[in-house]
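**Student:** Submitted below is the structure of interest, expressed as structure tokens.
Each reported figure results from applying straightforward, stated rules to the coordinates on display, with no laboratory input. What you are looking at is a predicted structure, and each value in this text was computed from that prediction instead of being measured. Reconstructed Cβ throughout: ideal geometry from the backbone, glycine too, with neighbour counts over all protein chains shown.
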Amino acid sequence: MSDLEIPSAGEAVSGLSQWQRVANTFSSPSKTFDDIKRGNKSWWMPLLVIVASTYILFAAITFEVGWGKVAENTMHLNPKAEAQMAQLTPEQRASTDKVALYSIEGTFIASPVLMLAGIALFSLGLWGTINFVFGGKAKYGSIFAVWMYAGLPGIFKSLLGALVLFAGGTPDSFNLKNFAPTNIGAFLNPLETNKALYTLASSLDAVTIWTLVLLGIGTAAVAGVKRGSGYLAVFGWWAIFVLVSVGWAAVAG
């Protein structure tokens, strides 16, 4: 079997159960990633956990904010688009609002599928980086499985976002792109803060950093390289993404 193998949701050999790998991701991540290296690459359990937390957040947004308000807030955070909307006729605005609402709500509902597609693509880049730049021997399916388990801290961000809303969060200030107070940007006003600075502040997210640390540990483990190489590969790609995002915000802002 080649290194670039298709990841399987059920592939596994004798080892830890998926629940044990999920628990160890938080308490002893090396055990989880060493188990993946031994061939236990099944990842449907972390997917189910992540999907469950995502739809808890979806319920909180639906009942406490409403998707019409989410679309309105999203438009308000883009002054250029809001100015263009003001020039439309009432019928055109109503039609545009409906499209925006269905687009945002539909994208959120489909987010698990989009997440899997994104992880599949990013895993390919990380697989190539750790193997061809750092001399690793990771298989693509192992990198994919590592990414699924490393993404588990994201459940806390979704649950925290839901908790804030159920506890009385203000619908008028809800920002779907930054829905939980886990980064500096969440405490800044996106309309009064420089766009590039706001993007950078939002990128410095505690849950994201936690995920990247786990991803670095797991990548190094399945590739058979030093942990520092795993960190360099993971945080190197993240730094590039942040720089591009900040640069784009500076130009577009």
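**Student:** Between segment 28-94 and segment 108-148, what is the separation of their alpha carbon centroids in Å?
**Tutor:** 20
**Student:** For segment 178-233, rounded, prolate or oblate, judged on the Cα gyration tensor with a ≥ b ≥ c (square roots of eigenvalues), a/c < 1.5 rounded, else prolate if a/b > b/c?
**Tutor:** Prolate.
**Student:** Once the Cα atoms of helix 18-27 and of the chain are each reduced to a long axis, what angle between those two axes, in degrees from 0 to 90 to the nearest 10, is obtained?
**Tutor:** Once rounded, one gets 80 degrees.
**Student:** Along the charge dipole of the chain, Cβ charges K/R +1 and D/E -1, which of Ser103, Asn178, Gly68 sits furthest on the positive end?
**Tutor:** Positive-end residue among those listed: Asn178.
**Student:** Which of the chymotrypsin sites (Phe, Trp or Tyr not before Pro) found in segment 83-192 are loop residues per DSSP with 14 or fewer other Cβ atoms within 10 Å of their Cβ?
**Tutor:** Values: sites: Tyr102, Phe108, Phe122, Trp127, Phe132, Phe134, Tyr140, Phe144, Trp147, Tyr149, Phe156, Phe166, Phe174, Phe179, Phe187; in loops: Phe134, Phe174, Phe179.
Taking segment 83-192 and a limit of 14 other Cβ atoms within 10 Å, no loop chymotrypsin sites (Phe, Trp or Tyr not before Pro) are found.
**Student:** Taking a ≥ b ≥ c as the square roots of the eigenvalues of the Cα gyration tensor of segment 7-143, is the shape rounded (a/c under 1.5), prolate (a/b larger than b/c) or oblate?
**Tutor:** Cα axes put segment 7-143 in the prolate bin.
**Student:** With a 10 Å radius around each residue's Cβ, average the other Cβ atoms per peptide and rank 82-91, 46-55, 214-223, 33-42, highest first.
**Tutor:** Numbers: 82-91: 10.2, 46-55: 17.7, 214-223: 25.6, 33-42: 21.8.
Per-residue mean Cβ counts within 10 Å order the peptides as 214-223, 33-42, 46-55, 82-91.
**Student:** Mind pulling up the Rg/Rh value for segment 68-196? Radius of gyration and Kirkwood radius, both on Cα.
**Tutor:** Details: Rg = 19.2 Å, Rh = 17.8 Å.
Computed over Cα atoms, the ratio is 1.08.
**Student:** Tabulate in residue order the Karplus-calculated ³J(HN,Hα) for segment 180-188, using 6.51 cos²θ - 1.76 cosθ + 1.60 with θ = phi - 60°, rounded to whole Hz; enter x for Gly and Pro.
**Tutor:** 9, x, 10, 9, 5, x, 5, 9, 10
**Student:** In degrees from 0 to 90, rounded to the nearest 10, what is the angle of the helix 227-252 Cα long axis to the longest principal axis of the chain?
**Tutor:** 20
**Student:** Separate question: If you project the alpha carbons of segment 122-253 onto the principal axes, what extent comes out on each, in Å, largest first?
**Tutor:** Here the Cα extents, ordered largest to smallest, are 50, 35, 20 Å.
**Student:** Assigning unit charges at the beta carbon (Lys, Arg +1; Asp, Glu -1) and nothing else, what dipole magnitude in debye, to the nearest 20, does the chain show about its Cα centre?
**Tutor:** Working: 16 positive and 14 negative charges, 155 e Å.
The calculated dipole for the chain is roughly 740 debye.
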